[in-house]
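Down below is the structure, laid out as structure tokens.
Values in this text are rule-based calculations from the coordinates and carry no lab data. Values in this document were obtained by computation on a predicted structure and should not be read as measured data. Every residue, glycine among them, receives a Cβ derived from its backbone with ideal geometry; neighbour counts consider all protein chains shown.
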Amino acid sequence: MYRKSPILRWRNYTDRYKLHGYKCTKCGATYLAKKGVCNCGNLDYAEMTFSGKGKIVSFTQIHSGPESFEHMGSYCVGIIDLEEGARVTGQIVDCAYKELKIGSEVEAVFRKFYKSGEKGIIHYGTKFILKF
Ligand SMILES: [Zn+2]
């Protein structure tokens, strides 16, 4: 019988490592974080996982990021409208700033964020790449 390794259990933390969210059962609006009352007045939500596909709404280049991101030098960050409707902010990687355009299609990828502590614990999360 297949047994999941406890070492890899962290990869299944839906709130930290997957684009997991909530869909209003009345109007279908989607949210990344649980919301009290939907804009339609409904209080009931169904859990969902986003496809990770979306379009760039806005973007910028960070030249002087926080200490834990210093190893990256300059990097791109964008606001992305996911295919299912929610809006998310994320790093856009594997491309140059000049390649980014409003409306470009992107796709979520699982990547390293940074190392922390004396032992160099590696933190992972969702970033985006351009779809060609
Ligand atoms: Zn609603």
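Overview of results
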{"item": "Likely footprinting exposure, THR126, THR60, fewest C-beta neighbours within 10 Å first", "result": "THR60, THR126"}
{"item": "Ellipsoid semi-axes in whole angstrom, largest first, where each is sqrt(5λ) of the Cα gyration tensor of the range 66-132", "result": "24, 14, 9"}
{"item": "Shape parameters for the chain, alpha-carbon atoms, Rg then Dmax in Å", "result": "16.9, 50"}
{"item": "Cβ-Cβ FRET estimate between LYS101 and VAL37, R0 fixed at 35 Å, reported to 0.05", "result": "0.45"}
{"item": "Antiparallel bridge percentage (DSSP; both residues within the chain; nearest 5)", "result": "95 percent"}
{"item": "Sparsely packed GluC sites (Glu not before Pro) within the range 76-107, loop by DSSP, other Cβ within 10 Å at most 16", "result": "GLU83"}
{"item": "Modelled label reach - TYR75, point 7 Å along Cα→Cβ, the range 82-108 residues with backbone N closer than 15 Å", "result": "89-97"}
{"item": "Cα→Cβ-extended label distance, 7 Å offset, between HIS63 and VAL93, nm", "result": "2.4 nm"}
